[in-house]
Amino acid sequence: MSSITLLLALFALALMFDFFNGFHDGANVVATIIASRAMSARGALVLAALANLAGPFVLGVAVAHTIGTEVVKAHAIGMAVLLVALASACLWDLLTWYLRLPVSSSHALIGALLGAALADVGPTAILPQGLWKIALALLLAPLVGLLCGLGVMGVTRRCLRDASPKANLWLARAQIVTATALALSHGANDAQKTMGVLGLGLLLLGVTPVFAIPWWVVVPCACAIALGTALGGSRLIRTLGLGLYRVRPIHGFSAQLASALVILSASLSGGPVSSSQVVSMAIAGAGAAERRSQVRWHVLGEIALAWALTLPLCALLAALLFRLSRVIFFMGGG
C-alpha cells in the first residue's frame, strides 16, 4: 500500500474517531447546563462545539506530544498499529454510545494503541516511563474531580447561604461561562489525543523528520470533534444530567467549574485525562456536598465498571483486529 493511501486512511480514521469522540462526549460539557435548564440543548451543544474548536488553538497541544512520544516507540511499530488502534477505538465509542455509557474515549484510544503495539511487536514497543505518567493522570483525575466537586460546591453554598432564590438566575447565567471553560479544556485534551496519533503517523511515513503537530493536523481534528459535539451527546445527557440526581443550577455551576479546573490543569501539563470521568465524578461530588443520600451511587458504579473495562477490552479488541488484519493480508497474497 502506498504512503499516500496509508496517510489518507490514517486521516480518515483519525477524523472519524474525533467525530465520534465529540458525538460521544458532548454530554460531558452540556449535561448539567441542560438538566438545570440554564440553556436549551441545542444552544448548549453549539456553545460547546465552538469552544471545543478553539481549545487546541487557545491552550496548546501538550497532550498531543504526550500521546505521540510517550506511549509507544515510534520506529518500533508499523502503520497498521495506528490504523487498527483508531478503528478499535471508533468501534468502542459507537458501542458505548448506543448503550448510553459515558465511558472514556481516552482509555479507548490508549488501550487500543497498546493492544495493537503488543500484537505487532510485543512489550519492547511500549515506553514504561511515559505509560506510568499517563496511567497516573488517568487514575488520579476522577478522584481529583470528585474532591474538586465537593470543594467548589461547599464554597458556593457558603457564599450563597443568605442569598434569595434569585441567585439561581445568576448561577444559570454563570454556567455559560463555566461551560465555555469546560469545553475549551475538553478541546485542548480530547482532540489532541488523535493529533498525537497523527503526528506519530507522519513521522513513520517520513512526512515530518521529527515528531511534530502541523497546523494542518490541528485544524481538521478540532473541526471534527467540534462537529461531533454539535450533533451528538443527547443519548448520554440523560445519564449524566439526570441519572445521578436532580441537578439544579448550583450543582451545574459547581460541577462545571470543578471539571474545567481539573481538565485545564491536565491539558496545560500534557496529561491525557478522561473528561467523562472527571465530569461524572465532579457532578457526584457537587451532589454529595449537599447530601450524600441524594446521589444515585449505583448509577455511578455502573459507569465506573464501564471505565474499568474500557482500556483492557479495547486493548484486546485491537490485538484481535491486528491479528485478523494480518490473516486477511496473507490470505490475499500480500
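For HIS186, HIS75, HIS251, what's the fewest-to-most ordering of other Cβ within 10 Å of each Cβ? Before the final figure, lay out each step's value.
On the way: HIS186 31, HIS75 9, HIS251 28.
Ascending number of Cβ neighbours within 10 Å: HIS75, HIS251, HIS186.
Placing +1 at every Lys and Arg Cβ and -1 at every Asp and Glu Cβ, with all other atoms neutral, what dipole size does the chain have around its Cα centre, in debye to the nearest 20?
On the way: 20 positive and 9 negative charges, 221 e Å.
Dipole of the chain, to the nearest 20 debye: 1060 debye.
Under 10 Å, Cα contacts only: if you run a Gaussian network model on the chain, which one of ASN168, ASN189, ASN52 comes out with the highest mean-square fluctuation?
ASN168
Suppose each label sits 7 Å from its Cα in the direction of the beta carbon; what would the ILE328-ARG296 distance come out to in nanometres?
With each label placed 7 Å out from Cα toward Cβ, I get 3.9 nm.
Would you work out which of ALA174, GLY271, ALA318 lies farthest towards the positive end of the dipole of the chain, given +1 charges on the beta-carbon of Lys and Arg and -1 on that of Asp and Glu, about the Cα centre?
ALA174
For the chain, find the longest principal axis of its Cα atoms and tell me its angle to the long axis of helix 275-290, 0 to 90°, nearest 10.
Orientation of helix 275-290: about 20 degrees from the principal axis.
Which residue fluctuates most in the GNM of the chain (Cα springs below 10 Å): ALA44, ALA286, ALA119?
Judging by the Gaussian network model, the answer is ALA119.
Using a Gaussian network model of the chain with C-alpha springs under 10 Å, which one of VAL152, VAL273, VAL197 is most mobile by mean-square fluctuation?
So, out of VAL152, VAL273, VAL197, the one fluctuating most is VAL152.
What residues have an amide H closer than 5 Å to that of VAL72, excluding those fewer than 5 places away on the same chain, when H is modeled at 1.01 Å from N in the peptide plane?
Those lying under 5 Å, H to H, from VAL72 are LEU127.
For each of ASP93, ASP162, ASP18, count neighbouring Cβ atoms within 10 Å of the residue's Cβ, then give the residues from fewest to most. Can you show the working numbers first?
Numbers: ASP93 26, ASP162 6, ASP18 30.
Lowest to highest Cβ neighbour count: ASP162, ASP93, ASP18.
Can you compute the FRET efficiency between ALA163 and LEU205 using 1/(1 + (r/R0)^6), with r the Cβ-Cβ distance and R0 = 56 Å? Round to the nearest 0.05. Intermediate values should be presented prior to the final figure.
Details: r = 59 Å, r/R0 = 1.05.
Computed FRET efficiency for ALA163 and LEU205: 0.45.
Among the lysines, which fall within straight-line cross-link reach of LYS73, defined as a Cα-Cα distance under 24 Å, with same-chain neighbours fewer than 8 residues apart omitted?
Within reach: LYS133, LYS193.
Here, each number is a calculation from the coordinates, and none is a lab measurement. Since this is a predicted model, take the numbers as computed values, not measurements. Because the Cβ atoms are built from the backbone with ideal geometry, glycine has one as well, and the counts that use them run over all protein chains shown.
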